[in-house]
Amino acid sequence: MENTEKKTELLEVAIVILISLVSLTTALAAWRTNSLGSQAGDLNYRGSLDAVKQQATANENWRQAYQEAGYARDYLMALDALKVREASTNPADLEYANQFRTYLLPSLETLATPLGTLPAYITPQGGLDIQKRFDDLQQQSADLSSLDPQSSFDRADGLYAEQRWLLIGTILMAVSLFWLGLSQLSHLRPRILILTLGVLIYIFGLAWSLGVEGIFFFIRRGG
């Protein structure tokens with residue numbers, strides 16, 4: 001009788017210790033799962049901001065390219081008209097051309113630079129290569145070099161996937177807590193069976209969580 005009571009007491013102590021251990025592990029697993037979701041949310045937010053910044057920069061570069069195209073068109077048209085007057089034999093036209101080239105043309109040329117003045121931006125048909133000017137402006141935009149929204153979205157997807165798989169292990173550990181708690185209310189023989197079931201579920205849930213962490217760790221490292 002005394003021996004049975006001792007076993008019962010030891011078993012109760014073991015159950016209390018197990019419940020404490022499983023509770024702590026489950027809390028850590030739940031924290032880790034929530035932490036992954038929070039990190040993924042932050043990455044999605046950062047990716048969205050970067051995407052907005054990229055689009056805003058692209059819009060500004062298109063605006064600048066078309067504004068320069070307008071200046072370049074005015075400059076090239078004025079230059080063609082000027083050449084016609086300079087080829088004239090009329091003294092009035094020659095005087096006008098001289099005044100225009102001296103006082104007005106430099107200002108138009110400044111506004112038209114570089115789209116209207118560099119040969120690289122002139123198409124074989126004689127038009128303006130606005131797309132090339134836009135591409136050059138994109139390359140010159142320092143802010144764009146550090147922005148990679150797709151990378152942030154991809155990393156967020158990976159964290160969400162890890163969170164979903166880890167959630168299974170967390171649920172299993174929570175289920176094991178139910179069985180461990182139930183074992184405190186049972187008689188000796190059923191108690192051992194229920195306790196064993198709870199421990200097995202906990203071990204499986206813990207192994208599952210550790211396995212998921214290991215797999216995603218190697219995935220992130222590119223292994």
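The values are calculated or read from the model by the stated rules, or taken from the named source; none is laboratory data. Everything numeric here is computed off the predicted structure, so don't read it as measured data. Backbone-built Cβ (ideal geometry, glycine too); neighbour counts: all protein chains shown.
Hey, could you check segment 175-191 for residues that are hydrophobic (A, V, I, L, M, F, W, C) and surrounded by 14 or more Cβ atoms within 10 Å (Cβ to Cβ) and say which is modelled with the lowest pLDDT?
Per the stated criteria, the residue is Leu182.
Considering only helices (runs of 4 or more DSSP H) fully contained in segment 1-113, which possess at least 3 residues that are hydrophobic (A, V, I, L, M, F, W, C) and out of contact with any helix residue (DSSP H, G or I) (no Cβ under 9 Å at 6 or more places or on another chain)?
2-86
When the residues of segment 122-166 are filtered to those that are of a type in the set (A, V, I, L, M) and touching a strand residue (DSSP E or B) at 6+ places or on another chain (Cβ under 8 Å), which remaining residue is modelled with the highest pLDDT?
Residue satisfying both the conditions and the ranking: Leu128.
Among the residues that make up segment 43-62, is at least one of them closer than 29 Å to Pro149 by Cα, among the charged types (D, E, K, R) and without any contact (Cβ under 8 Å) to a residue 40 or more places away in the chain?
Looking for residues that are closer than 29 Å to Pro149 by Cα, among the charged types (D, E, K, R) and without any contact (Cβ under 8 Å) to a residue 40 or more places away in the chain, one finds at least one in segment 43-62, hence yes.
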